[in-house]
1. State yes or no: is Gly228 among the small types (Gly, Ala, Ser), in contact with a helix residue (DSSP H, G or I) (Cβ under 7 Å, 6 or more places away or on another chain), surrounded by fewer than 22 Cβ atoms within 10 Å (Cβ to Cβ) and in contact (Cβ under 8 Å) with a residue 60 or more places away in the chain?
2. Sort out which residues of the stretch 137-150 are surrounded by fewer than 16 Cβ atoms within 10 Å (Cβ to Cβ) and assigned to a loop (DSSP other than H, G, I, E, B), and write them in order of number.
3. Among the residues of the stretch 8-44, count how many are part of a loop (DSSP other than H, G, I, E, B) and β-branched (Val, Ile, Thr).
4. Please specify each residue of the stretch 40-62 satisfying the condition of being closer than 14 Å to Val20 by Cβ, out of contact with any helix residue (DSSP H, G or I) (no Cβ under 7 Å at 6 or more places or on another chain) and either without any contact (Cβ under 8 Å) to a residue 12 or more places away in the chain or open to solvent by less than 70 Å² (accessible area, probe 1.4 Å) (or both).
5. Can you tell which of Leu169, Leu129 is within 14 Å of Val292 (Cβ to Cβ), open to solvent by 70 Å² or more (accessible area, probe 1.4 Å) and touching a Lys or Arg at 6+ places or on another chain (Cβ under 9 Å)?
6. For the stretch 255-280, enumerate the residues that are of a type in the set (A, V, I, L, M) and open to solvent by 40 Å² or more (accessible area, probe 1.4 Å).
7. Filter the stretch 195-213 down to the residues that are in contact with a helix residue (DSSP H, G or I) (Cβ under 8 Å, 6 or more places away or on another chain) and free of Cβ contacts under 8 Å to residues at least 24 places away in the same chain and list them by number.
8. Within the stretch 212-237, can you find the residues that are on the phi < 0 side of the Ramachandran plot, modelled with pLDDT of 90 or more and among the hydrophobic types (A, V, I, L, M, F, W, C)?
Amino acid sequence: MYRRQVDTLNHHHLFHFWTVVREGGVTRASEVLHVSQPTVSGQLRELQEALGEKLLVRSGRTVVLTDIGRTVYRYADEIFALGRELQQAVKGRASHPARLAVGVAMVVPKLVAYQILEPALHLPEPIQLDCVHQRPERLVAELATYSLDLVLADTPAPPAVKVRAYSHLLGECGVSVFGSERLAAKHRRRFPGSLDGAPFLLPSGDSGLRLSLEEWFRRHAVRPRVVGTFEDSALVDAFGQAGAGLMVMPSAPAIDAELRRQYRVRRVGQLDNVRQRFYAITVERKLRNPAVIAISERARALFT
């Protein structure tokens, strides 16, 4: 009677069982595996003892599967099929570019994200850049499972997320108000007092930039007319381009030029003492990935 059970399954035993079933018997399996018949029989016995079930019964000169044996064989067939796929994937890896999985926090302007990440596409060894777009808490949580290599955010890793992550400051820059040509012309005069009552498209309330803006508005006695708040910076860009309200964006020479070209918006004025920072959040204390190092070096030049 089979009573002994173990916590882990010996795949070597399972492979011998799978081969016996596929080849129709112990004799043929021993020839295919280049081992003796007693060795194969011993492997079968140990597997049955480990599982606590009889898997094969003799019928004349052949062996047939029991009900539980058929179940075990189906699982074994799937296991070894996956093993073959794994070998093929590893062998074929050289023909595919390396992958860099990046999570971009929703509040990070897409134009800024592109400017920061773009150098990773021009490395000597090509990479495939896979980007996902989500709230920073969820992105940082995915670092723990290695689903992501890097999170790009405007604040350090949220302390509420219990992940051992390191926030590497990529750089910081000033912040300016932008708007359509009509709005910019209207509110550029007497700036910043002209912003009192002006229509604004603001980032959501829990972003680092929104907190800085609220403080700036209080300090300058500016009461904006909030047209809408947005978690996704891409929506801010779309509404701002359409002239629905003024928007606040990081301001650096390369970014300002692209804003004018792509979104056809104009700068109204820069907000004094308001800075926006950008971080690369990783599970590494020191950056080692060549693509992430290139991203970091590009950011330093971008925000100089």
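1. no
2. Those that are surrounded by fewer than 16 Cβ atoms within 10 Å (Cβ to Cβ) and assigned to a loop (DSSP other than H, G, I, E, B): Ala144, Thr145, Tyr146, Ser147.
3. 2
4. Correct list: Gly42, Arg45, Gln48, Val57, Arg58, Ser59, Thr62.
5. Of Leu169, Leu129, the one residue that is within 14 Å of Val292 (Cβ to Cβ), open to solvent by 70 Å² or more (accessible area, probe 1.4 Å) and touching a Lys or Arg at 6+ places or on another chain (Cβ under 9 Å) is Leu169.
6. Scanning the stretch 255-280 gives a single hit, Ala257.
7. None; the set is empty.
8. Leu213, Trp216, Phe217, Val222, Val226, Val227, Phe230, Leu235, Val236
The values are calculated or read from the model by the stated rules, or taken from the named source; none is laboratory data. Computed from a prediction, not measured in an experiment: that's the story for all the values here. Glycine gets a Cβ as well: all are built from the backbone with ideal geometry, and neighbour counts include every protein chain shown. Note: accessible area is taken over every heavy atom of the protein model, side chains too, but ligands, DNA and RNA are not part of it. Shrake-Rupley method; radii C 1.70, N 1.55, O 1.52, S 1.80 Å.
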